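Taking it in order: structure first as structure tokens, then the write-up.
The values are calculated or read from the model by the stated rules, or taken from the named source; none is laboratory data. Worth saying up front: this structure is predicted, and the values here are computed from it rather than measured. Neighbour counts run over all protein chains shown; Cβ positions are idealised from the backbone, glycine included. Heads up: the accessible areas ignore ligands, DNA and RNA and are worked out on the full protein's heavy atoms, side chains in. Shrake-Rupley method; radii C 1.70, N 1.55, O 1.52, S 1.80 Å.
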Amino acid sequence: MSGRLPSHNQLVLPLLEVCNEAGGRIHAQDAYAAIEEKLSLTPAALEMTVRGGGNTTVSKFHHRVRWARHHAVESGLLQSSSRGVWELTAAAEDKLCRNQTGIVFTIWETELGQVLWGTAEQAAAVIEPGSIDLVYTSPPYPLLQPKEYGNLNSSDWLKWMGDLAEQWSGLLADTGSLVVNIGSISVAGKPFKDPYVARFEIDLIDRLGLHLVDEHFWHNPAKLPGPVQWVSVKKKRLKNSVEHLLWFAKSEDFKSNNDNVREAESPHTTRFRKNALESGKGLGRRPGGSVAGKGFLTSNGTSIPSVLQVQAHEGPHSAYRRACKEHDIRPHPAISPLALPDRFIRLTTEPGDLVYDPMAGSLATCYAAELLKRRWIGSELSAHYIAGGTLRFGS
Ligand SMILES: C[S@@+](CC[C@H](N)C(=O)[O-])C[C@H]1O[C@@H](n2cnc3c(N)ncnc32)[C@H](O)[C@@H]1O
């Protein structure tokens with residue numbers, strides 16, 4: 001039993017929980033009773049009063065619950081559906097579906113892989129050190145406006161992600177790679193880019209001793225113009241439609257084969273090669289000192305670009321979104337196109353190797369690994385996202 005009355009901040013989560021337990025909506029009077037019981041409040045705590053309007057006194061506990069409700073409404077977690085009835089919003093349902101138990105559960109598996117429900121921090125503790133060939137992930141990147149799954153400012157993000165990268169590095173085999181997909185952000189209120197990506201790279205190199213193999217880019221031409229203030233309103237900057245794919249290796253002996261990710265050569269390059277071969281221009285000594293012979297310009301019709309040109313996320317008609325709709329599950333708000341993990345899985349692993357996505361979201365990396373016959377592990381905080389992701393795998 002508790003003789004202390006919780007503060008209104010401490011009452012927000014119990015309030016959301018009792019609302020959830022009542023099926024998503026609850027009458028105020030029932031909410032008071034359910035919270036009283038949930039928190040085992042003593043009669044003494046419940047008898048405390050505060051002054052109300054006029055000369056009246058009201059229950060201090062009810063007063064605090066109403067403040068908690070006010071706070072939850074302001075944070076977008078509760079809404080009033082009718083007078084005296086409080087209802088969870090979709091964002092609150094998602095928050096309640098996050099694993100806050102401190103325990104990692106294996107909640108679903110295939111012959112090749114398993115999904116762990118829990119935080120990346122806790123999941124790292126249950127994975128065998130040195131067993132992973134590729135850690136591929138798209139963490140929530142820092143944003144000044146929090147998204148529904150919670151983003152931090154860039155300095156807190158760097159500390160968080162630096163600690164996680166240290167755990168991931170310990171999980172990697174000596175021949176393993178870590179690939180992190182992140183986007184750019186701007187300095188708040190300024191027309192400048194936040195250099196957090198460079199800081200992150202340098203931290204992993206200097207502090208963790210990882211090797212930066214390369215920076216690849218995902219060009220998404222369909223991205224909306226942003227940052228809006230500096231691109232569309234003040235017209236100073238150009239649209240940012242590129243995300244980073246930072247590729248680190250644990251040692252010089254990292255596993256990789258670029259033949260596995262060759263793409264068809266562009267008609268422009270084929271024409272250029274043909275013209276150069278016919279005219280002999282471009283052969284001989286190059287500005288860097290190397291000598292280009294005819295072999296330099298012959299081609300097998302493929303190329304190995306470091307910029308991935310992939311149109312937006314899986315569109316409204318994709319199998320994943322259709323399946324979510326059929327099962328009445330909200331799709332993940334930040335899905336990676338399968339082509340991104342697919343490229344790095346092909347490049348740095350072989351069938352049977354083990355791929356891990358610590359922040360697996362809609363299980364895009366896990367699904368790409370499954371299709372490529374790699375073993376895989378995905379960990380994710382939100383049960384909603386896992387539920388949607390499992391639909392990718394069919395029945
Ligand atoms: C950008 S999304 C990943 C999207 C994923 N690549 C996909 O294609 O669906 C980031 C994910 O990290 C999850 N997340 C945030 N913090 C986490 C943590 N500490 N541990 C595990 N997952 C976390 C979020 O719930 C979110 O689904």
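For the reader, a short list of remarks on this structure follows.
- The average projected area of the stretch 227-366, computed from the convex hull of its Cα atoms over all directions, is 14.4 nm².
- Of the solvent-accessible surface of the chain, computed with a 1.4 Å probe over protein heavy atoms with every protein chain present, carbon and sulfur atoms account for 53 percent.
- Both radii are taken from the alpha-carbon atoms of the chain; with Rh as the Kirkwood radius, Rg/Rh is 1.08.
- Restricting the stretch 176-227 to trypsin sites (Lys or Arg not before Pro) that sit in a DSSP loop and have at most 11 other Cβ atoms within 10 Å of their own Cβ leaves R207.
- By the compact-protein rule of thumb, 2.2 N^0.38 Å, the alpha-carbon radius of gyration of the stretch 183-268 corresponds to a ratio of 1.41.
- In summary, no aspartates and glutamates lie within cross-link reach of K236, defined as a Cα separation below 12 angstrom excluding same-chain residues under 8 places away.
- Checking every one of the GluC sites (Glu not before Pro) in the stretch 246-290 against DSSP loop status and a limit of 11 other Cβ atoms within 10 Å picks out E252.
- DSSP beta bridges in the stretch 86-196 [antiparallel fraction, %, rounded to 5]: 50 percent
- Contact order normalised by residue count of the chain, Cα under 8 Å, 6+ apart, percent: 17 percent
- Compactness relative to 2.2 N^0.38 Å, alpha carbon Rg of the stretch 12-96: 1.10
- Cα lying deepest toward the dipole's positive end in the stretch 252-385, options P333, S279, A264, charges on Cβ: S279
- Dipole magnitude (debye, nearest 20) for the chain, charges at Cβ of Lys, Arg, Asp, Glu: 1920 debye
- Simple label model, 7 Å out from Cα along Cβ direction - E93 to Q122, nm: 2.3 nm
- Flagged links, alpha-carbon separation over 31 Å, of K239/K294; K95/K255; K250/K274; K250/K373; K38/K325: K239/K294; K95/K255; K250/K274; K38/K325
- Using distinct alpha-carbon pairs, which all enter the 1/r mean, Kirkwood radius of the stretch 1-147 in Å: 18.3 Å
- Computed over protein heavy atoms with a 1.4 angstrom probe, the accessible surface ordering of T269, T56, T137, largest first, is T56, T269, T137.
- Reachable aspartates and glutamates, given that their alpha-carbon falls under 19 Å from the alpha-carbon of K234 and they are not under 8 places away in the same chain: D194
- Inter-label distance for N300 and T56, nm, one decimal - labels placed 7 Å from Cα along Cα-to-Cβ: 8.3 nm
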